[in-house]
Amino acid sequence: MRCLVTGATGYLGGRLVPRLLAEGHQVRCLVRSPEKLRDVPWAADVEIVRGDVLDDLDEAMRDVEVVHYLVHSLNSKDFANADKKAAENTARAAERANVQRIVYLGGLHPEHTELSPHLASRKEVGDVFLASKVPAIVLQAAVIIGSGSASFEMLRYLTERLPVMITPRWVHNRIQPIAVRDVLRYLVDATTRENTNRTFDIGGPDVLTYLDMMLRYAKVAGLPKRRVVPVPFLTPRLSSHWVNVVTPVPKSIAKPLIESLVHEVVCRENDIREVLPGDNVGYDKAVALALAKTRDADVETRWSGASTPGAASEPLPTDPDWSGGSVYTDEREHRTTASPDRLWDVVEGIGGERGWYSFPLAWAVRGWMDRLVGGVGLRRGRRDPQRLHVGEALDFWRVEEIERGRLLRLRAEMKVPGKAWLELRVAANEGYGSTYRQRAVFVPKGLAGHLYWWAVWPFHGIVFGGMVRNIANEAELHKNFRKS
């Protein structure tokens with residue numbers, strides 16, 4: 001089948017594409033930033049089209065038989081309205097292109113009750129597709145258990161970091177979680193399912209409370225038994241603040257997820273087993289598989305791969321005059337006896353568990369400040385401890401460009417009054433050794449931006465200066481070592 005996958009840079013889309021290819025399907029990916037797919041192993045096997053689900057989709061839909069719709073504006077301010085418009089635009093384009101079917105993953109929800117904004121939006125998008133002239137298979141899932149998913153990371157960090165847990169009432173609501181591998185199997189199998197226009201509830205074999213999920217996670221992970229202190233007045237809003245403090249998942253994502261947990265989300269029917277047969281993985285095994293992937297640094301995609309609303313999205317400006325605007329830079333370099341290869345290993349391994357090679361307290365405080373104002377903070381970490389790819393998150397940065405062995409450019413996604421980048425360069429010296437060059441660039445927005453730069457400027461010598469020296473020293477310390 002000729003498939004169009006929207007959301008191919010997201011958590012599920014990035015996993016679905018290689019599985020469709022493995023089944024022999026032809027895949028076209030609609031993405032706003034094609035460079036994000038440059039480093040994925042299957043990039044050469046797909047057609048990549050630049051675009052947005054709110055734009056003209058006629059060219060993207062040309063000759064397409066099946067559309068996999070995996071776009072969701074979860075952490076934007078007006079996500080419900082944006083999602084409805086995008087779904088309507090996609091449905092109309094699919095009708096014009098005579099697409100055979102649309103496959104959409106929505107949210108499992110109860111009937112005859114007022115839904116959270118998140119679940120109501122997911123249902124509304126499914127209704128748009130079901131009402132169109134193109135047959136639609138709308139899969140409805142609750143919590144997805146898989147390495148790197150926002151729901152799993154929230155569960156993991158809450159359980160691992162809190163031996164004594166203060167729990168709100170919603171942790172006693174029933175949930176039917178499903179392993180990510182089963183969600184992907186249904187999405188792939190639905191590609192060739194004809195003459196179907198309906199919703200299907202999908203879930204794993206276990207119906208649990210969220211409290212059960214945390215306690216059983218602790219058992220599978222080999223953690224001591226967790227103690228639970230019920231607090232009935234802990235609202236979803238307060239819970240999202242707590243999650244923002246304890247886990248890497250920022251409040252903007254945690255809040256709609258937690259609001260959805262207020263509902264009991266259990267499959268009302270199991271018709272999917274007759275239409276798309278197969279046994280689903282149980283909760284304990286799904287957790288064990290996800291933990292193994294996390295431990296082995298074999299996480300295909302992560303929730304943080306999606307861009308963060310409000311963060312700078314434009315690439316580093318290249319106009320030599322900066323279009324008449326203001327720009328502040330901090331440029332430093334350090335010569336080292338280490339080889340360019342070894343120096344690059346240190347540069348590419350920066351962030352995450354290894355930190356930023358200078359004044360850890362200052363970086364930690366900056367991360368906490370960012371979380372307090374609703375930013376992503378430092379705890380997103382990195383997907384792989386050694387390799388970086390364009391488009392992925394790195395603590396509170398986004399990898400904007402990599403020229404392997406030469407350049408790593410990071411774009412800031414922390415809350416700042418302007419746009420900021422950090423460039424790390426490696427160059428070979430004539431004869432022996434290498435030179436490390438570092439440039440921080442800040443384009444201020446309004447008076448607040450200028451004040452911000454001058455407020456933090458006194459610390460640059462400590463933070464950026466120390467960073468340059470310590471990266472060079474780290475390369476020299478192990479200059480005879482080369483990672484495989």
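The values are calculated or read from the model by the stated rules, or taken from the named source; none is laboratory data. Here the structure is a predicted model, which is why all the values come from computation and not from measurement. Here the Cβ positions follow ideal geometry from the backbone for every residue, glycine too, while neighbour counts run over all protein chains shown. Surface areas here come from the heavy atoms of the whole protein model, side chains and all, with no ligands, DNA or RNA. Shrake-Rupley method; radii C 1.70, N 1.55, O 1.52, S 1.80 Å.
Residue ranges 450-459, 140-149 sort as 140-149, 450-459 when ordered by packing (mean number of other C-beta atoms within 10 Å per residue, highest first). In plain terms, the bigger the Kirkwood radius, the slower the diffusion; for the stretch 12-55, with that radius from Cα pairs, at 10 °C and 1.306 mPa s, Stokes-Einstein puts D at 146 µm²/s. Rounded to the nearest 20 debye, the dipole magnitude of the chain is 1400 debye, with +1 charges on Lys and Arg beta carbons, -1 on Asp and Glu beta carbons, and the Cα centre as origin. Cross-link partners for Lys219 among the aspartates and glutamates, with Cα-Cα distance under 18 Å and sequence neighbours closer than 8 places in the same chain left out: Glu153, Glu160, Asp206, Asp284. Plainly put, the chain has a radius of gyration that is 0.98 times its Kirkwood radius, both from alpha-carbon atoms, as the Rg/Rh ratio.
With Rh defined as the Kirkwood radius, the inverse of the mean 1/r over Cα pairs, the Rg/Rh of the stretch 343-484 is 0.97. Projecting label points 7 angstrom from Cα along Cα→Cβ for Glu194 and Asp56 puts them 3.3 nm apart. Averaging the sequence gap over all C-alpha pairs within less than 8 Å and six or more residues apart, then dividing by the number of residues, gives the stretch 360-431 a relative contact order of 21 percent. Using the rule -39500 (n - 2.57) for each DSSP H run of four or more residues, divided by the residues of the chain, the 222 nm mean residue ellipticity is -10500 deg cm²/dmol. Computed with a 1.4 Å probe over protein heavy atoms only, the accessible surface of the chain comes to 45 Å² per residue. The share of Cα pairs per 5 Å bin across the stretch 89-206, counted from zero up to the longest distance, runs 2, 10, 17, 20, 18, 14, 9, 5, 3, 2, 1, 0 percent. With the cut-off at 1.5 for a/c, could you classify the stretch 159-199 from its C-alpha gyration tensor as rounded, prolate or oblate? It comes out oblate by the Cα gyration axes. Whenever you get a sec, compute what percent of the accessible area on the chain sits on carbon and sulfur atoms (1.4 Å probe). Carbon and sulfur together cover 52 percent of it.
Using 5 Å bins from zero, what percent of all Cα-Cα pairs in the stretch 139-229 falls into each bin? Taking every Cα pair in the stretch 139-229, the percentages come to 3, 12, 21, 22, 17, 9, 7, 5, 3, 1, 0. When the charge dipole of the chain is built from unit charges on Cβ atoms (+1 for Lys and Arg, -1 for Asp and Glu) and taken about the Cα centre, the candidate among Pro340, Ile137, Asn98 whose Cα reaches farthest toward its positive end is Pro340. In the chain, Cα pairs under 8 Å separated by at least six residues give a relative contact order of 14 percent. Look at the dipole of the chain built from charges on Cβ: of Ala448, Thr294, Val220, the Cα furthest out on the positive end belongs to Val220. For the stretch 41-52, the Karplus equation 6.51 cos²θ - 1.76 cosθ + 1.60, evaluated at θ = phi - 60°, returns couplings of x, 9, 4, 6, 9, 10, 9, 10, 10, 7, x, 9 Hz by residue, with Gly and Pro reported as x. Of all DSSP-defined beta bridges confined to the chain, some 50% are antiparallel rather than parallel.
When every Cα-Cα distance of the stretch 362-431 is counted in 5 angstrom steps from zero, the calculated P(r) takes the values 4, 16, 22, 24, 15, 10, 5, 2, 1, 0 percent. Taken over the Cα atoms of the stretch 1-157, the convex hull encloses 126 Å³ per residue.
The distance separating the Cα centre of the stretch 50-67 from that of the stretch 392-424 comes to 30 Å. Apply the Karplus curve 6.51 cos²θ - 1.76 cosθ + 1.60, θ = phi - 60°, to the phi angles in the stretch 22-29 and return the couplings in whole Hz, x for Gly and Pro. Once rounded to whole Hz, the list reads 5, 8, x, 7, 8, 10, 10, 10.
Note: relative contact order over the stretch 411-484, using C-alpha pairs below 8 Å and six or more positions apart, is 24 percent.
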